[in-house]
Amino acid sequence: ICIMENQVLESSEERTFQYQDSLPSLPVPPLDESLSKYLDAVKPFLNQEEYQRTEDIVKKFGNGIGKELHQKLLERAKTRRNWLEEWWLNVIYLDLRISTQIYCNIAGPGPYIENCWPPKEGTQIERACVHIWHTLKYWDLLRVEKVAIERSGNAVLDMNQFRMLFCTCKIPGVTRDSIGHYFKTESEGECPSHVIVLCRGRVFAFDAIHEGNMVTPPEIFRQLTYIQKRCHSEPDGPGLAALTSNERTKWAELRQYLIDLDAKNLTLLEKIQTSVFVVCLDDSSPHATPEDYSEVTRLGLAGDPTVRWGDKSYSSIFFSNGTCSAFCDHSPLDAMALISMLAYVDKKLTENEGKWKGSDKVRDIPWPEELVFTVDQKVIKEIGCTKELYYKKVSDLQLVTYAFTSFGKALIKKKKLHPDTFVQLALQLAFYKCHGRPGCCYETAMTRRFYHGRTETIRSCTMEAVEWCKSMLDPSDSTYQRLQLMHKAFAKHNKMKKECENGKGFDRHLLGLLLIAQEQGLPVPELYVDNAFTASGGGGNFVLSTSLTGYTRFSGSAVPMVHHGYGFFYTIRDDRIVTSCSSWKSCPETDAEVLCRTVFQCLQDMLQLTVAAQL
């Protein structure tokens, strides 16, 4: 009986990865359903004649080549628990040859300025050491599988992306990159335990475990102080990290050149790749207030490339005024895993007012080691050219991160409306106001109820949303008409969101059919070269690239998907909505500042509509 009871007690505590093997496989939706949803989604962008033409193309596809491709996709799905996983990783991320650090990475400012850490010069190291310690504690929790399993309702969500937060790094290849993944849970074996610190063009490493125990904040403080003192009193290093911001093939060739120059360079590169995460000590002091995070967000996403290892799955950036930012390679994970980890750190920091309340004892641990790369004139010159090109590209980025403080989740829910849909519709209205036409929009839906599920596209620009936008801009329409149309638009969006989360979206399905055709060496089906496909956002042409980063204090940011587009990312808190909007200055028709301000106005207009309805 004792043994039995003991087992029951132990098994009642779930392990982080215990349900991975029992998650359902990613489904392939029925072809006719996907095609009919696609037709519905292209309507806002076509006139009657164009729509007729597209309808014919889609019918032909559904009865012909589409049917064959669908059968082949079903065959593929029989032998894989996630038919999309490998394709998605390769086609969307690893095959890209552009600078992924600029165009794909994601970043987000730390919200700690709002409670425990207002910007203050001279606090960089003391704050960094506490933040690093909580992050290491989370890494440790993950290793012993004590991070709580996430659920959506009763459905268990896939936790695989959490493994990618630490000890993970992208490695450039000449035609395709790869992901180096070195994380192991305790039951799986040894896991690297060193942290990399980048400071003034130099690279250092120290171990987070000493004689079987985690280093404490006072010990981390000692390590960082040693690094900072050396960097501030000696010449700057070569800034080799900047090379990660190159176009991928170029970086792959330079990396190989470094290895050929000196075999020791490979050992050093591997030391960075395998590290738990990277700490970036940045000399900038970005302005940040609870209402305006623009500068700290911009520098987090596109700051000094000599203190960013762009390929690392997670980097923690600490600025000299004690503000901070997270910076991630997007290929191995989506933002929600990162946000869960940061929410844990935030909770711990808040509980302890941002201070360390434990022992000040510092053990005699080894000093950090500097990773000194062998470089020659060619490498030095390449670093210079890379930095110049990087700054030229990122200087074109317009990025604003503002808090809308009139209301938030609490009031929207009181009105019995879905907060996420509320923001999406405000964005549709704002785009319509600014540009006089509907804006094709990508909103991320999470498909983590399936094995290794990642995302599906919710196409927020529906006919229902467009009808409502037109009504809002038509002075002759009554409040009642506008309200009716708004409720229709809400219902449509909520339905799509649910379908997408349940594996019943159509964008990933259409991608799968196209990739089957390509793998079989078949010509690209007409559906994909039809103007309607691109005009509605297909093939990565969404003018609005958007994502809800949840209901925590963490907002995120990324650059637009297309040159004439916007990135729009938002977090919905009880009393406010923090939005990050990006655009390219060189595009005359887009302006992130204007769009963001217009969204705020539209949020007010929508609330007014619900208030007027009650009068």
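Checking V524 against (1) buried (at least 19 other Cβ atoms within 10 Å of the Cβ); (2) free of Cβ contacts under 8 Å to residues at least 12 places away in the same chain, only one condition comes out false. Which one?
(1) is the only condition that V524 fails.
Please verify whether the stretch 234-251 includes one or more residues that are open to solvent by less than 10 Å² (accessible area, probe 1.4 Å), touching a Cys at 6+ places or on another chain (Cβ under 7 Å) and of a type outside the set (S, T, Y).
no
Testing T479 on (1) touching a residue at least 40 places away in the same chain (Cβ under 8 Å); (2) buried (at least 18 other Cβ atoms within 10 Å of the Cβ), one condition comes back false. Which one is that?
For T479, the failing item is (2).
Looking at (1) more than 25 Å from T571 (Cα to Cα); (2) surrounded by fewer than 21 Cβ atoms within 10 Å (Cβ to Cβ), which is the only condition R151 fails?
The number of the failed condition is (1).
For the stretch 353-400: of the residues being among the polar types (S, T, N, Q) and not in a loop (DSSP other than H, G, I, E, B), which is least open to solvent (accessible area, probe 1.4 Å)?
Out of the qualifying residues, it is T386.
Return the total of residues in the stretch 276-305 being assigned to a helix (DSSP H, G or I) and either in contact (Cβ under 8 Å) with a residue 60 or more places away in the chain or open to solvent by less than 50 Å² (accessible area, probe 1.4 Å) (or both).
Matching residues across the stretch 276-305 total 9.
Please determine whether any residue of the stretch 320-335 is exposed (fewer than 15 other Cβ atoms within 10 Å of the Cβ) and polar (S, T, N, Q).
Taking every residue of the stretch 320-335 in turn, none turns out to be exposed (fewer than 15 other Cβ atoms within 10 Å of the Cβ) and polar (S, T, N, Q).
Q273 is checked against (1) buried (at least 23 other Cβ atoms within 10 Å of the Cβ); (2) under 24 Å from L243 (Cα atoms) and fails just one. What number does that condition carry?
Condition not satisfied by Q273: (1).
Name the residues in the stretch 482-513 that are surrounded by fewer than 19 Cβ atoms within 10 Å (Cβ to Cβ) and hydrophobic (A, V, I, L, M, F, W, C), would you?
L483, A491
Name every residue in the stretch 15-68 that is in contact with a Phe, Trp or Tyr (Cβ under 6 Å, 6 or more places away or on another chain) and surrounded by 15 or more Cβ atoms within 10 Å (Cβ to Cβ), in order of residue number.
L23, S25, L26, S34, K37, Y38
Which ones in the stretch 123-154 are over 23 Å from the mean Cα position of the chain (by Cα), modelled with pLDDT of 95 or more and more than 19 Å from S316 (Cβ to Cβ)?
Selection gives V144, E145, K146.
Can you pull out every residue in the stretch 426-469 that is touching a residue at least 24 places away in the same chain (Cβ under 8 Å), open to solvent by 10 Å² or more (accessible area, probe 1.4 Å) and part of a helix (DSSP H, G or I)?
Within the stretch 426-469, Y432, K433, C434, H435, M463, E464 qualify.
Given the options T185, T225, T249, name the one that is assigned to a loop (DSSP other than H, G, I, E, B) and either more than 25 Å from E145 (Cβ to Cβ) or not charged (D, E, K, R) (or both). Walk me through how you get there before you give the answer.
Working: T225 fails: assigned to a loop (DSSP other than H, G, I, E, B); T249 fails: assigned to a loop (DSSP other than H, G, I, E, B).
Answer to the selection: T185.
Does E126 count as open to solvent by 20 Å² or more (accessible area, probe 1.4 Å), assigned to a helix (DSSP H, G or I) and farther than 25 Å from V372 by Cα? I'd like the intermediate steps shown before the answer.
Details: open to solvent by 20 Å² or more (accessible area, probe 1.4 Å): yes; assigned to a helix (DSSP H, G or I): yes; farther than 25 Å from V372 by Cα: yes.
Answer is yes for this residue.
For residues that are among the hydrophobic types (A, V, I, L, M, F, W, C), within 30 Å of Y257 (Cβ to Cβ) and part of a loop (DSSP other than H, G, I, E, B), scanning just the stretch 155-182, find the one that is farthest from the chain's Cα centre (by Cα). Let's see the steps before the verdict.
Here is the first cut: in the stretch 155-182, the residues among the hydrophobic types (A, V, I, L, M, F, W, C) are 155-157, 159, 162, 164-167, 169, 171, 174, 179.
Restricting the remaining residues to those that are within 30 Å of Y257 (Cβ to Cβ) gives 164, 166-167, 169, 171, 174, 179.
Cutting the leftovers down to part of a loop (DSSP other than H, G, I, E, B) gives us 166-167, 174.
On the way: F166: 15, C167: 18, V174: 25 Å.
Going through the qualifying residues, I end up with V174.
Residues K393, K347: which one is among the basic types (K, R) and in contact (Cβ under 8 Å) with a residue 12 or more places away in the chain? Don't jump to the end; show me each part of the working.
Details: K347 fails: in contact (Cβ under 8 Å) with a residue 12 or more places away in the chain.
Being among the basic types (K, R) and in contact (Cβ under 8 Å) with a residue 12 or more places away in the chain holds for just one of K393, K347, which is K393.
Within 30 Å of L268 (Cα to Cα), open to solvent by 10 Å² or more (accessible area, probe 1.4 Å) and either modelled with pLDDT of 95 or more or not assigned by the TED database to the domain that holds G567 (or both): does that describe R308?
The answer is no for R308.
Got at least one residue in the stretch 322-344 being over 17 Å from the mean Cα position of the chain (by Cα), in the same structural domain as W117 (by the TED database) and free of Cβ contacts under 8 Å to residues at least 60 places away in the same chain?
Among the residues of the stretch 322-344, not one is over 17 Å from the mean Cα position of the chain (by Cα), in the same structural domain as W117 (by the TED database) and free of Cβ contacts under 8 Å to residues at least 60 places away in the same chain, which makes the answer no.
Here is a check on your reading of the model: is L371 in contact (Cβ under 8 Å) with a residue 24 or more places away in the chain and within 30 Å of G453 (Cα to Cα)? Outline the logic, then answer.
Numbers: in contact (Cβ under 8 Å) with a residue 24 or more places away in the chain: yes; within 30 Å of G453 (Cα to Cα): no.
Judged against the criteria, L371 is not a match.
If I filter the stretch 105-115 for residues that are farther than 28 Å from S245 by Cβ and part of a loop (DSSP other than H, G, I, E, B), do I get at least one hit? Can you show your working first?
Initially, the stretch 105-115 is screened for residues farther than 28 Å from S245 by Cβ, giving 114-115.
Still in the list and also part of a loop (DSSP other than H, G, I, E, B): 115.
Looking for residues that are farther than 28 Å from S245 by Cβ and part of a loop (DSSP other than H, G, I, E, B), one finds at least one in the stretch 105-115, hence yes.
Take the residues of the stretch 53-111 that are of a type in the set (K, R) and in contact with a Ser or Thr (Cβ under 7 Å, 6 or more places away or on another chain): which is nearest to F568 (Cα to Cα)? Let's see the steps before the verdict.
As a first pass, look at the stretch 53-111 and keep what is of a type in the set (K, R): 53, 59-60, 67, 72, 76, 78, 80-81, 97.
Retained after the next criterion (residues that are in contact with a Ser or Thr (Cβ under 7 Å, 6 or more places away or on another chain)): 81, 97.
Numbers: R81: 32, R97: 24 Å.
The residue in question is R97.
What's the number of the condition W83 fails, among (1) open to solvent by less than 50 Å² (accessible area, probe 1.4 Å); (2) assigned to a helix (DSSP H, G or I); (3) in contact (Cβ under 8 Å) with a residue 40 or more places away in the chain; (4) not assigned by the TED database to the domain that holds R176?
(2)
The values are calculated or read from the model by the stated rules, or taken from the named source; none is laboratory data. Just so we're clear, the structure is a prediction, and the values are computed from it rather than from any experiment. In this analysis, Cβ positions are derived from the backbone assuming ideal geometry, glycine residues included, and neighbour counts consider all displayed protein chains. When the accessible area is computed, the model is the full protein with side chains, heavy atoms only, and any ligands, DNA or RNA have been set aside. Shrake-Rupley method; radii C 1.70, N 1.55, O 1.52, S 1.80 Å.
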